[in-house]
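The structure appears right after this line, and notes come after that.
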Amino acid sequence: MTEETPGFDEKPDVPSGATPDDAEPKAAPSSEGAAPAGDAAAAQVAGLTAQLDQVRTALGERTADLQRLQAEYQNYRRRVERDRITVKEIAIANLLSELLPVLDDIGRAREHGELVGGFKSVAESLETVAAKMGLQQFGKEGEPFDPMIHEALMHSYAPDVTETTCVAILQPGYRFGERNLRPARVAVAEPQPGATQADKGDSTESADGKENGGPEEG
């Protein structure tokens, strides 16, 4: 007997229940399966980019809203501060207006020499406090008459004035800041009409004399 050697025609053992095709090696997956995965990743990136753009847009809108609210709040604060200052100034002006008759009495007492003793100390303290609060007195003799700050109670003519002039202060005026609490009550004097015409005539004669070369010499 001779030993039998397996030949090349002998088929390998196949497990039971398996088909011959299962014994064959499987082929490597083709590149067609990778294409859908790449498209899905691109779609995901596009979706994230769109969401990022939406977030950026929303952030810009919220930032603009915040800036607008901040500007409105600053305007509100400035308006409230301005109104507060105005109300304070009105209150001080009203208080000082009520004190003006008292200050007039103090001034008359000083003119008559009656401001003495304890009354003098109290009066000076009151005037100091009023000045610290911003009260200013105006009106002086010799200054030109201004109807915006002066009130003429007496009128006369004077040869030594060239324009309407305050010649006497009957009652001083007072202001607080830019507010005139009371005009200065004054006596005014105007140039005499005859003197004015005479001055004009003298000026005309002098001018004519200069033009004509003066009087002829004999």
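The values are calculated or read from the model by the stated rules, or taken from the named source; none is laboratory data. Just so we're clear, the structure is a prediction, and the values are computed from it rather than from any experiment. Backbone-built Cβ (ideal geometry, glycine too); neighbour counts: all protein chains shown. These area figures cover heavy atoms from the full protein model, side chains too; ligands, DNA and RNA do not enter into them. Shrake-Rupley method; radii C 1.70, N 1.55, O 1.52, S 1.80 Å.
I'd like the residue in the range 150-183 that is more than 29 Å from the chain's Cα centre (by Cα) and not in a strand (DSSP E or B) and, out of all such residues, is surrounded by the most Cβ atoms within 10 Å (Cβ to Cβ).
Top of the filtered list is P183.
When the residues of the range 132-145 are narrowed to those that are without any contact (Cβ under 8 Å) to a residue 24 or more places away in the chain and open to solvent by 60 Å² or more (accessible area, probe 1.4 Å), which ends up farthest from C166 (Cα to Cα)?
K132
For every residue, the table says whether it meets (1) touching a helix residue (DSSP H, G or I) at 6+ places or on another chain (Cβ under 6 Å); (2) at pLDDT 55 or above; (3) under 30 Å from A93 (Cβ atoms).
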residue	(1), (2), (3)
M154	no, yes, yes
A158	no, yes, no
A189	no, yes, no
S203	no, no, no
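Select from the range 58-71 the residues that are open to solvent by 80 Å² or more (accessible area, probe 1.4 Å) and either under 30 Å from E178 (Cα atoms) or over 23 Å from the mean Cα position of the chain (by Cα) (or both) and list them in ascending order.
L59, E61, R62
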